[in-house]
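Participant: Take this structure, written in structure tokens, and hold onto it; I'll ask about it next.
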2 protein chains.
Amino acid sequence: MANIQQIAQHAGVSVATVSRVLNNATSVTPETRRKVEVAIKALNYQPSMLGRNLRNSESRLMLVLLPSISNPFYTEIINGIQNTAIANNYNILLCETDSKPERENIYFNMVKNKLADGIISMDPTVNMQKLNELSKDHPVILCSEYEQGGSIPYVTVDSEVAAYQAVKHLIKLGNEKIALINSDEKFLYARLRRAGYERALKEFKLPIRDEWIYNTKELEFEHGVQAMRMLLQLEEQPNAVFAVSDTLAIGALKALNNGIKVDHPIAIMGFDNISFSSMTNPTLTTVAQPMYKMGCLAAEMLMSSMKGEKVESIVMDHELIIRESTML
Amino acid sequence: MANIQQIAQHAGVSVATVSRVLNNATSVTPETRRKVEVAIKALNYQPSMLGRNLRNSESRLMLVLLPSISNPFYTEIINGIQNTAIANNYNILLCETDSKPERENIYFNMVKNKLADGIISMDPTVNMQKLNELSKDHPVILCSEYEQGGSIPYVTVDSEVAAYQAVKHLIKLGNEKIALINSDEKFLYARLRRAGYERALKEFKLPIRDEWIYNTKELEFEHGVQAMRMLLQLEEQPNAVFAVSDTLAIGALKALNNGIKVDHPIAIMGFDNISFSSMTNPTLTTVAQPMYKMGCLAAEMLMSSMKGEKVESIVMDHELIIRESTML
DNA sequence: ATCATATTTGTAATCGATTACATTTTACAA
DNA sequence: TTGTAAAATGTAATCGATTACAAATATGAT
């Protein structure tokens with residue numbers, strides 16, 4: 001691989017001039033530019049990002065932190081981030097933390113080391129203290145999960161209102177016994193969605209019963225299956241279930257389909273609108289988050305932040321998608 | 001962020017000595033090492049990867065090329081790659097090409113520019129000529145899709161045999177009219193799976209009928225739905241369907257569930273064993289690929305290749321997973 | 001105490017780019 | 001033709017690490 005010296009030599013100019021051609025500086029004669037371009041072609045030259053980055057201390061790389069790549073919720077957001085990043089000559093590095101602090105550290109250090117220019121965190125398990133620390137000197141954006149009253153800009157939906165509306169819809173359909181399959185309430189979104197759930201129940205004077213609230217450790221299908229099985233074993237079965245994630249809701253559907261006897265049909269409502277949710281049988285009613293758009297915005301916010309601009313947090317609109325799982 | 005000079009000054013030694021401590025070189029007095037370590041702690045120093053990489057010309061980054069992150073088939077492989085990479089102090093950069101040559105070029109250049117040390121390509125749409133070119137000077141491994149008789153090492157399963165066995169299973173169940181939902185046959189895996197399908201049919205003297213072979217453009221669910229609808233419109237409906245991907249098979253299941261009248265039950269067989277395939281209703285019979293393991297191996301092969309070792313291609317075992325969609 | 005040798009530490013070149021500043025070339029007016 | 005300002009180009013420092021080689025120090029035998 002040729003370097004800038006060799007191009008300079010081949011073109012009979014100095015390295016500075018080659019660099020000027022590369023960076024479209026103005027003060028280069030068309031004739032000189034041509035010579036350099038010929039040399040670049042001839043030697044099949046590609047400037048080394050390492051040299052450039054070291055000097056400029058920018059890498060044009062953004063990190064995207066997420067707990068696990070296997071949740072389809074993230075893949076749509078990532079698409080948005082990626083497309084926006086590429087359009088602006090950035091690349092993204094997907095960082096799966098597996099919710100392990102050691103991994104998180106690796107990625108934080110990449111930013112400190114100038115190997116990456118900033119971070120978008122979608123990881124609810126992230127160490128907020130460390131992230132706040134990092135955000136003092138480096139651009140950081142939160143996507144989906146965020147910190148109330150915190151200083152890091154975020155893009156998200158209003159989980160409380162969304163959950164409230166979802167549960168209200170279940171009530172309007174005539175359901176009075178509504179269960180909640182929630183994830184771990186150490187996460188803000190989980191607490192907010194529970195709050196929305198409770199607000200709707202209270203508004204309609206329906207009881208909030210502890211045995212109808214099930215908290216799962218993870219969001220995988222299997223945990224939804226497990227949760228639904230528990231609910232079905234109750235003396236008094238609920239007749240509708242609101243799950244805080246489509247993956248959990250799909251697991252719940254699975255448990256329902258799996259031959260366990262139920263006295264009456266049970267309505268299921270999910271959250272996210274992952275592409276899979278229209279493939280289930282029955283198809284899944286859910287609260288749609290504008291995932292792709294959220295990704296795009298998060299990337300734009302990060303780039304603004306990298307330019308030193310002040311960035312405002314954004315709360316995006318959600319939408320109720322009514323499908324078969326609530327039409328019984 | 002402190003640099004090595006400041007550490008040296010703070011510890012009262014030279015930068016060379018600091019570097020020796022960082023890289024665990026032997027010839028450092030315990031006393032000196034301690035002083036340096038104190039300085040590193042005191043200034044909260046992290047060595048800059050840029051400086052290090054420039055000098056060593058290695059980035060400890062591996063690129064993973066894939067057409068789209070949204071196919072769950074890839075996510076399991078990526079998990080394997082990522083875990084293996086991290087265990088060896090590498091990081092991975094996920095590169096979605098969207099099957100666009102411009103994007104591909106960006107990533108190829110990152111390798112040429114020393115911003116990444118090698119590539120694992122899982123992208124069937126990759127420009128093989130360019131990849132071969134790249135592989136002359138840089139480590140490259142193919143995962144899943146590969147080039148027959150090519151020089152780039154790969155890890156894959158035997159698609160022809162797998163398809164043959166899958167279809168044979170359908171035949172053994174008593175099905176005589178077996179359709180194939182294939183993807184674009186410009187891909188090797190698609191041609192091989194078709195070959196296996198035809199071999200099984202021939203062996204049992206069953207007719208190969210063109211109208212029972214449907215080629216989709218993409219692997220998304222919707223294309224499976226579409227394909228199945230076409231098959232159901234035929235004068236003579238098949239009584240079993242082999243789809244070359246679980247996503248297509250799940251779409252086919254959806255089409256079946258969607259109220260279209262069929263004369264008789266239709267068996268469905270998929271390929272991959274994505275986690276979702278056990279969540280459908282009915283659950284999906286499929287050919288399991290050892291995706292996680294393939295990812296691990298691909299990463300190991302790439303690292304071997306980066307060390308300059310000669311790497312042998314690997315064909316892994318597949319496995320028939322019998323579930324409800326073929327038990328009617 | 002002296003010298004040879006082994007061990008530790010320091011100096012300075014190097015990786016490949018960018019860019020402030022210096023120098024050369026060009027253009028044009030007098 | 002000469003002088004001057006503007007434009008083009010070159011020189012060399014710089015980013016932050018590693019490492020060959022040189023220098024200094026420690027060790028041990030005589």
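Participant: Out of the residues in region A:1-24 that are more than 8 Å from DNA strand D (Cβ to nearest atom) and not aliphatic (A, V, I, L, M), state the one that is nearest to residue A:117 (Cα to Cα).
Facilitator: Checking each candidate, the answer is A:23.
Participant: So which of B:57, B:70 is facing chain A (nearest Cβ under 9 Å) and in contact with a Lys or Arg (Cβ under 7 Å, 6 or more places away or on another chain)? Give the derivation first.
Facilitator: Numbers: B:70 fails: in contact with a Lys or Arg (Cβ under 7 Å, 6 or more places away or on another chain).
On inspection, the qualifying residue turns out to be B:57.
Participant: How many residues are surrounded by fewer than 23 Cβ atoms within 10 Å (Cβ to Cβ) and either touching a His at 6+ places or on another chain (Cβ under 8 Å) or within 30 Å of residue B:61 (Cα to Cα) (or both) if we restrict to region B:264-293?
Facilitator: So the count comes out to 5.
Participant: Taking residue B:64, is it more than 13 Å from chain A (Cβ to nearest Cβ) and either surrounded by 23 or more Cβ atoms within 10 Å (Cβ to Cβ) or within 22 Å of residue A:100 (Cα to Cα) (or both)? Before the answer, list the steps.
Facilitator: Numbers: more than 13 Å from chain A (Cβ to nearest Cβ): no; either surrounded by 23 or more Cβ atoms within 10 Å (Cβ to Cβ) or within 22 Å of residue A:100 (Cα to Cα) (or both): yes.
No; evaluated as a whole, the condition is false for this residue.
Participant: Taking residue A:24, is it more than 8 Å from DNA strand C (Cβ to nearest atom) and outside any helix (DSSP H, G or I)?
Facilitator: Details: more than 8 Å from DNA strand C (Cβ to nearest atom): yes; outside any helix (DSSP H, G or I): yes.
For residue A:24, the condition - more than 8 Å from DNA strand C (Cβ to nearest atom) and outside any helix (DSSP H, G or I) - is met.
Every residue, every condition in (1) within 14 Å of chain B (Cβ to nearest Cβ); (2) without any contact (Cβ under 8 Å) to a residue 24 or more places away in the chain; (3) of a type outside the set (Ser, Thr, Tyr), yes or no:
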residue: A:245; (1), (2), (3): yes, no, no
residue: A:253; (1), (2), (3): yes, no, yes
residue: A:257; (1), (2), (3): yes, no, yes
residue: A:268; (1), (2), (3): yes, no, yes
residue: A:273; (1), (2), (3): yes, no, yes
residue: A:277; (1), (2), (3): yes, no, no
residue: A:289; (1), (2), (3): no, no, yes
residue: A:302; (1), (2), (3): no, no, yes
residue: A:316; (1), (2), (3): no, no, yes
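Participant: Against the definition (of a type in the set (Val, Ile, Thr), more than 30 Å from residue B:271 (Cα to Cα) and in contact (Cβ under 8 Å) with a residue 24 or more places away in the chain), how does residue B:40 come out, yes or no? Outline the logic, then answer.
Facilitator: Working: of a type in the set (Val, Ile, Thr): yes; more than 30 Å from residue B:271 (Cα to Cα): yes; in contact (Cβ under 8 Å) with a residue 24 or more places away in the chain: yes.
Yes.
Participant: Let me ask something else about it. Against the conditions (1) over 21 Å from residue A:254 (Cα atoms); (2) of a type outside the set (Phe, Trp, Tyr); (3) surrounded by fewer than 16 Cβ atoms within 10 Å (Cβ to Cβ); (4) not assigned by TED's automatic domain parsing to the domain that holds residue B:138, where does residue B:218 fall short? Just the number, please.
Facilitator: The number of the failed condition is (3).
Participant: Take the residues of region B:49-61 that are surrounded by fewer than 19 Cβ atoms within 10 Å (Cβ to Cβ) and part of a loop (DSSP other than H, G, I, E, B): which is farthest from DNA strand D (Cβ to nearest atom)?
Facilitator: B:60
Participant: Would you say residue B:27 is farther than 25 Å from residue A:50 by Cα, of a type outside the set (Lys, Arg), within 11 Å of DNA strand D (Cβ to nearest atom) and not assigned by TED's automatic domain parsing to the domain that holds residue B:114?
Facilitator: Values: farther than 25 Å from residue A:50 by Cα: yes; of a type outside the set (Lys, Arg): yes; within 11 Å of DNA strand D (Cβ to nearest atom): yes; not assigned by TED's automatic domain parsing to the domain that holds residue B:114: yes.
Answer is yes for this residue.
Participant: Look through region A:163-206, keep the residues that are over 22 Å from residue A:221 (Cβ atoms) and among the small types (Gly, Ala, Ser), and return whichever of them is surrounded by the fewest Cβ atoms within 10 Å (Cβ to Cβ). Can you show your working first?
Facilitator: The first filter runs over region A:163-206 and keeps only residues over 22 Å from residue A:221 (Cβ atoms), leaving A:164-165, A:167-169, A:171-177, A:188, A:191-192, A:195-196, A:198-206.
From the residues that got through so far, the ones that are among the small types (Gly, Ala, Ser) too are A:174, A:195-196, A:200.
Values: A:174: 10, A:195: 15, A:196: 25, A:200: 22.
Selected residue: A:174.
Participant: Does any residue of region A:32-44 turn out to be under 28 Å from residue B:100 (Cα atoms) and within 13 Å of another protein chain (Cβ to nearest Cβ)?
Facilitator: yes
Participant: Inside region A:73-86, can you point out the residues that are within 11 Å of another protein chain (Cβ to nearest Cβ) and either at positive phi or small (Gly, Ala, Ser) (or both)?
Facilitator: A:85
Participant: Could you check region A:35-51 and list, in sequence order, the residues that are within 9 Å of residue A:11 (Cα to Cα) and out of contact with any Phe, Trp or Tyr (no Cβ under 9 Å at 6 or more places or on another chain)? First the steps, then the outcome.
Facilitator: Applying the first criterion (within 9 Å of residue A:11 (Cα to Cα)) to region A:35-51 yields A:35-40.
Hits for region A:35-51 are A:35, A:36, A:37, A:38, A:40.
Participant: Considering only region B:94-113, I want to know if a residue exists there that is more than 12 Å from every other protein chain (Cβ to nearest Cβ) and assigned to a loop (DSSP other than H, G, I, E, B).
Facilitator: yes
Participant: So residue A:48 fits all but one of (1) in contact with a helix residue (DSSP H, G or I) (Cβ under 6 Å, 6 or more places away or on another chain); (2) at the interface with another protein chain (Cβ under 8 Å from one of its Cβ atoms); (3) farther than 23 Å from residue A:139 by Cα; what number is the exception?
Facilitator: Going through the list (1) in contact with a helix residue (DSSP H, G or I) (Cβ under 6 Å, 6 or more places away or on another chain); (2) at the interface with another protein chain (Cβ under 8 Å from one of its Cβ atoms); (3) farther than 23 Å from residue A:139 by Cα, residue A:48 breaks only (1).
Participant: Conditions: (1) within 16 Å of DNA strand D (Cβ to nearest atom); (2) crowded, with 17+ Cβ neighbours inside 10 Å. Residue A:82 meets all but one. Number of the miss?
Facilitator: (1)
Participant: What pairs can you find where one residue is in region A:1-19 and away from chain B (no Cβ under 14 Å) and on the phi < 0 side of the Ramachandran plot, the other is within 8 Å of DNA strand D (Cβ to nearest atom) and not in a helix (DSSP H, G or I), and their Cβ atoms are less than 9 Å apart, with a gap of 6+ or different chains?
Facilitator: A:7/A:13; A:8/A:14; A:17/A:28; A:19/A:25
The values are calculated or read from the model by the stated rules, or taken from the named source; none is laboratory data. It should be emphasised that the depicted structure is a prediction, and the values quoted were computed from it without experimental measurement. Every residue, glycine among them, receives a Cβ derived from its backbone with ideal geometry; neighbour counts consider all protein chains shown.
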